[in-house]
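Read the figures in this text as sums done on the coordinates, not as results from a lab. Since the structure is predicted, the reported quantities are computational estimates derived from the model, not experimental observations. Cβ coordinates were reconstructed from backbone atoms using ideal geometry, including for glycine residues, and neighbour counts include every protein chain displayed.
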Amino acid sequence: MVPALRALIDFRPLNLLTPRYDVGGPFEALFCRNVMIYFDKPTQRAILSRLVPHLAEDGLLYTGHSENYLHAADLIQPCGRTLYRRAKGTRA
């Protein structure tokens, strides 16, 4: 990876089940691919409610092809096959 690009990216693990995410933000992109399929819908919703505040107003959440969050439409809205944006009115 080009050093200038690497300097803009922060890779680190995050336990999605912790009650609070101390990761900063807002972020233009969050990648959470092929992870949420292992959680039930209530747990997915709880995780999304903690992720969305870290997403910039025009930021994107990248998910896996087998994941959908229609049950959390008040938090995030689809804008592509595996892309979601913050729902209108959600707070940072």
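Each stretch of four or more DSSP H residues adds -39500 (n - 2.57); spread over every residue of the chain, this sum gives -4000 deg cm²/dmol at 222 nm. Extending 7 Å from the Cα toward the beta-carbon at both Tyr21 and His65 defines two label points whose distance is 2.4 nm. In this simple spin-label approximation, Arg50 and Leu5 carry label points 7 Å from Cα along the Cα→Cβ vector, and these lie 3.1 nm apart.
Summing +1 for each Lys or Arg and -1 for each Asp or Glu among the other residues whose beta-carbon sits under 14 angstrom from that of Arg33 gives 0.
Determine the gain in length on full extension of the stretch Leu14-Leu83; use 0.36 nm per residue of separation and subtract their C-alpha separation, reporting nm with one decimal. List each step's numbers first, then the result.
Values: separation 69, 0.36 × 69 = 24.84 nm, distance 2.00 nm.
So the extension gain works out to 22.8 nm.
On the principal axes of its alpha-carbon atoms, the stretch 35-92 has extents of 27, 22, 16 Å, going from largest to smallest.
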